[in-house]
Every structure is written in structure tokens, then in C-alpha cells.
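Report on one structure; see the data block that follows.
Bear in mind these aren't lab numbers, they're just calculated from the coordinates by the rules spelled out. Note that the coordinates shown come from a computational prediction; the quantities given were computed from them, not determined experimentally. All Cβ positions, glycine included, derive from the backbone under ideal geometry; neighbour counts span all protein chains shown.
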Amino acid sequence: MTRFTASVHRSQEADISPGPFAISASRAEVVDFTWPVSVSYSRIMAPRGRPEVDPWGFLLPLTPLVWTATMTALLVLSTTIFLLVTCLAQNNVNRTIWTVDVYGLIRVLLQQNISELSDWWWWERLVLAVWMLMTLVLTRSYAGNLMSLLAVRHISEPYKTLREVLDDPSVTMIWQDNSASVQYFRSLVTWKLTITTIFQTTDHGIFREVGEAETAGRIRFLSLKEYGSVVAPLLRRGDHVLIEEETVIKMLMAQDFTYTGRCDFHTSREQYLTIMLSMITQKNSPLIPALHNRIMRVMEAGLFDQWLKEIIPNSTSCLHPPTKITVNTSLSIVSIWGMFMALSTGHVLGSLVFGFEFLSDRLSLVS
């Protein structure tokens, strides 16, 4: 029982406490709750990663649709050349090898030179000019996108779900000591158990694994007073996450943003453990009906949510922080090592093909 709840329980000290307080079975035994002023959930508050460059980002503009369109255009032009050669060049033996023209289109796509154009028909040169124009647009667009992508930094957001937290044995979970969530699980049994025992008596489900994680020393309990000075440093280390009610997480993130001007933390996609927040009165208080009516009016007008925004500065600044940012910096090998890897792979494959052709030629001469 908290100090405020005890004050209301002792009828001589207080008749009502605005709170809001989370509804729990243990509190309901000594006080009455009004209509909920808010229904909230628990989320995971975790640190964000540092801005990093994607070394394989040069492949991002080359989407499957781009590859499909390019290969389709190459196939259409190759078919066109084949049909034109078949219909118009029947009397010219030297220009009936249409595969040479197709090979020339591939060389243009790879930005290599083409020789011996003097014996090309005019329509072959026209097809080649169209293909060169298409290739120019493609390569220039790719170059522009590549320069933009080199300035992009990606910020990872790990631990979006409780499953990801449990699957990482190096992470310690922070829970509020004797919180409403703990009291909720304790209310599921008829005798007083520790939070570990309650989690472990679950036959299946993710919270069974949470109890096992506590046994392994992966859960740390803190009081609400310790959050302001302890949570942020622990989370910045990268080996802790906080599982807490949404409003508390908003307050902690807003406070950190006010001090640092950065969004160093993020929240999980999933929500857990529904929490209803209400005012409390003495048992069987005649004020309950009147409070119900006024709370309903406040909730319908949206005043409670507006009040939270006003009393928590910067409460919405880090709700949806960007995962991609742009920077102005010089290029380094760390940023483009993926390109050199692709280039080296191409050289190795080319050397293997050259060696295979050389051996095949020697074997054919010997035979």
C-alpha cells in the first residue's frame, strides 16, 4: 500500500486522492476506485543504435522491378534485331549473325565500347541509339540515387518485442518494484507469492519465460523514484531494457530529450498488461457517483490527454523518431567497402572464367 492509498484508507486523513492510481486487487480491498481516467498499456523502452552506414546500400536502387524492366527491354530489343535481320538481311551473309548485335547491347549496358559499326544497317544503329538513350537514363538515375544513399545513416531499433528481449541472454529487464502489474499477477492466486513464483506457475506463454529469466538473474527491480537517475544510464549501456506503463515511459523519454536534445530511446511495437488508472476514495464513499459523472465529461472532452501533453514537456518529440538520417561527411572505406567487395568478386569470377577458357583451349589443341 502506498502512502497516498494509506491516507485515504484512514478516514481521518483524506476522503479522496486524485492520483491517478492503477487499479489492482490489493488496493481495491481498502479503497474504492472511480471511473478510469485512462486506460494504458505496458511497453518496452530500449536504447536506439548509433547511426551506421549500410555498405550494401548501393544495391538498394536496383530493385527487382528495375531488373525486370531492364531485362525485358533487352529481350525486346534482341527480338527486334533478330526479326529485322531475318526479314531484311537475307541477301547479306556478313550481317546475319544477330548474336553479335545482342552482345553489343550488353556491352552498352555495361558501359563498354563497341567497334566495327561501319557495316551496321541503319535500323541496327537506330535500335542501338534507342538502347544507349535508355541505358544513359538508367545509369544517371542510379548514380544520383547512389550519391544520396551514401549520405544516409541507418539507426537500428532493437528489441521491438518481448520475444526479442527474451531471445537475447545478454539483456537485463527492468521492472518497477511492487507495481500494479506485479499486483495483478499476484491477484491470480489465493496466497501470497513472489513475482518469480507467479510467472513460473504459468503453464505456457511468454511470461513463463519471463519468470525463468528472473531466476537466471535477468530481471532487476527498481522503485519509481530511482527511474529518473538510474534508468537512462543503464539503458544507454545497451544491456538493459525497461518494461513500464506508457505514460511513465513518455515522461522518461521527454525528460531525457529535454536534457540532451536527442532521442536515444524507442518503444516497442507490442503492448502488454493493460493498466486502468483511476482516482481513489474511501470505501463506500458517497462521492463516487458525482466523481463518475465528472470524470466521464473530462474523458469525453479529451481534457486528460491534453493535460498530460501540457505537464510533460516534449512528450511527443521522441514518439516516432526517424530511423534514417542524412549527414554531410567525407567518404571512407567503411562506407563503400561493399562496392570493393562486389568489384573483387567480379574480378575473381572473371579470372576463373578466363582460366577455364584457357584450359579448354589447351585441351582442345592437345586432343
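For the pair N284 and R140 in one chain, pulling the backbone fully straight at 0.36 nm per residue adds 44.2 nm over the alpha carbon distance. Pairs from the list K225/K324; K225/K250; K160/K225 with a Cα-Cα gap above 23 Å: K225/K324; K160/K225. The distance linking the stretch 254-275 with the stretch 290-345 is 9 Å (Cα centroid to Cα centroid, whole angstrom). The peptide list 321-331, 235-245, put in order of mean Cβ contacts within 10 Å with the highest first, becomes 235-245, 321-331. Counting neighbouring beta carbons within 10 Å and listing from fewest to most, the residues S148, S335 come out as S148, S335.
When each of the peptides 247-260, 68-81 is scored by the mean number of other C-beta atoms lying within 10 Å of its residues, the order from highest to lowest reads 247-260, 68-81. For the pair W67 and L352, a Förster radius of 25 Å applied to the C-beta separation gives a FRET efficiency near 0.60, rounded to the nearest 0.05.
Going from the fewest other Cβ atoms within 10 Å to the most, the residues M45, M132 appear in the order M132, M45.
Fully extending the segment from I206 to W35, taken as 0.36 nm per residue of separation minus the present Cα-Cα distance, adds 58.5 nm. Computed from the Cβ-Cβ distance with R0 of 22 Å, the FRET efficiency linking T247 to R220 stands at 0.55.
Listed values for the stretch 332-340 are Karplus-derived 3J(HN,Hα) couplings in whole Hz (6.51 cos²θ - 1.76 cosθ + 1.60, θ = phi - 60°), namely 9, 5, 5, 7, 10, 5, x, 5, 5, and x replaces Gly and Pro. Between D54 and S332, the modelled label-to-label distance comes to 2.0 nm, taking each label 7 Å out from Cα in the direction of the beta carbon. Extension gain, N314 to L83, is 76.4 nm, computed as 0.36 nm per intervening residue step minus the present C-alpha separation.
Charge tally around C263: other residues with Cβ under 13 Å, Lys/Arg +1 each, Asp/Glu -1 each, net +2.
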